[in-house]
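Structure first, then comments.
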Amino acid sequence: MNQIYPERITQARELLGLTKTELACELDVSPAAVAQWENGTKNPTTVNLAQLSLRLGFPISTFFRAPPTWLARKGPISFRASKSAETRRTNLQAEQLVSLVAEAYAWLSKKVRLPASNLPDMGVLIDSPSEPEQVAAFCRQHWQLSNRPILKLGELLETNGIIVARASFGDTRIDAFSCLIDGRPFMLLGAEKDDRARSRFDAAHELGHLIMHQSATARHLSDLDDHSKFEDEANRFASAFLLPAETFGSEIVDVSLSSLLLLKERWGVSVQAMVMRCHSLGLTDDKRKLELFRQMSGKGWRRSKGEPLDDFIPEIKISVGRLSLELLEQRGVIHSWEIQNELPLPLDVYSTAFGVERDKFESIAGDNVLEFKIDLADPDTPNSNEFPSGQASS
């Protein structure tokens, strides 16, 4: 019998957010049996494998496929909240998803040339390597952006080698997360809130993590003080990256909700973010900032999609994966529904990784492969019970 890789069973279970006990209950086996499957002391039976495949949505062949060794070269993943058991479970889902997305892009990179990673080298900033304001300015300089507004943020990130994807976990506490895997930066944005301004800030926030916190360890991110420090730095980076002091500051005439709302479409950020940026630039004091936030609360602007003009904010478009698959199909290299033969993963993983609807990857069971042109025989002629003659064309 081929070797079963217990890591794949753990991966599939954690991706669905199940505990060992919950999975055991659903399969009508003991929790000890699931634990033995995952630690490799005992293999599931053929029937067990079929049950695992059906319940977890993984092709059976995935369990016989070794996880790539380069996945071990994965840096710590940045998260917002990490206190409750439910959030920790969601974090495990996120960790498994980004690993599977990385596998999908490793497969894709063998067929198309993806943009190389082009993160700024923090080693150049010797004087103040962790000051978010200067890091943001350095990143803009490195990517030759000057100080203009960034409208095509998704395209910018992908052009510089960052793999961007959207993921849904059914948990509004997960805004976004990011990590480096074998030197390649990955960024997954939450799909729950459907808030364009928030999503753009989240993306810039994660960019800050990818640039400033590459040397951080899982221990650092689990320490509440370090975690809080990193989050504050990433927020300050995002604010400075999206709203450069020189140009944004020169456009502020009056720090009021009405005047800031006029700048929302131009800069692609929320009024809340602009209020915070004005405060950090010394354009308003603590008292005025609190008053503006009180006004926003009264208007309901602090709720998700509560601010006016959100639909005027440019959305983050993700296209590298989708366009790569279209190119492969156009050149006859492979159809999307054939990918699972080469890379046996759940269809939802392809959909998340490449930003394409799930049904594109579903097997079509031969449809559109061969077109039969059949001339039906006259029922009164001899041998009419034989299969009618026909010609097949591709």
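Comparing mean-square fluctuations of Gly154, Gly306, Gly190 from a GNM of the chain with C-alpha springs under 10 Å, the top value falls on Gly306. Each of Leu345, Leu18 was scored by other Cβ atoms within 10 Å of its Cβ. Arranged with the fewest first, they read Leu18, Leu345.
Would you please state the base-10 log of I(q)/I(0) at q = 0.10, 0.11 1/Å for the chain, with intensities from the Debye formula using one equal scatterer on every alpha carbon? Calculated log10 I(q)/I(0) at the listed q: -0.76, -0.88. The modelled label-to-label distance for the pair Glu362/Ala216, using points 7 Å beyond Cα in the direction of Cβ, is 4.0 nm.
A simple spin-label model places pseudo-atoms 7 Å from Cα toward Cβ; at Ser250 and Gln36 they are separated by 7.3 nm. With 0.36 nm allotted per residue and the present C-alpha distance subtracted, the Asp311-Leu54 stretch has 88.5 nm of extension available. For the pair Leu224 and His142, label points projected 7 Å from Cα toward Cβ lie 3.3 nm apart. Annotation: extensible slack from Leu16 through Glu342 equals 115.1 nm (criterion: 0.36 nm per residue apart, minus Cα-Cα distance). The fewest-to-most ranking of Leu153, Leu119 by surrounding Cβ atoms within 10 Å reads Leu119, Leu153.
The helix-only estimate of mean residue ellipticity at 222 nm for the chain, built from DSSP H runs of length n ≥ 4 each weighted as -39500 (n - 2.57), is -14000 deg cm²/dmol after division by the residue total.
For Ser297 and Leu151, a Förster radius of 22 Å and the Cβ-Cβ distance give a FRET efficiency of 0.15, rounded to the nearest 0.05. Find which of Pro59, Ala24, Asn48 sits farthest along the positive direction of the dipole of region 1-73, computed with +1 on the beta-carbon of Lys and Arg, -1 on that of Asp and Glu, about the Cα centre. The residue sitting most towards the positive pole is Pro59. The ranking of Ser109, Ser53, Ser199 by Cβ neighbour count inside 10 Å, starting from the fewest, reads Ser109, Ser53, Ser199.
Straight Cα distances below 17 angstrom link Lys152 to the aspartates and glutamates Asp195, Asp202, Glu206, Glu265, Asp310, Asp311, Glu315, with same-chain residues fewer than 8 positions distant left out. Put a plus charge on the Cβ of each Lys and Arg, a minus charge on the Cβ of each Asp and Glu, and nothing anywhere else: the dipole of region 108-312 about its Cα centre is then about 620 debye. Compared with the alpha-carbon gap, the fully stretched path from Arg88 to Val112 is longer by 5.1 nm at 0.36 nm per residue.
Mean sequence separation of contacting Cα pairs (under 8 Å, at least six apart), scaled by the length of the chain, corresponds to a relative contact order of 16 percent. Within region 108-312, the proportion of Cα pairs with more than 30 Å between them is 22 percent. Under 24 Å Cα to Cα from Lys20, which lysines show up? Leave out anything in the same chain fewer than 8 places away. By straight Cα distance, Lys20 reaches Lys42, Lys83.
We did not get these values from a lab; they are worked out from the coordinates using the rules stated. Values in this document were obtained by computation on a predicted structure and should not be read as measured data. Cβ: placed from backbone, ideal geometry, glycine included. Neighbour counts: every protein chain shown.
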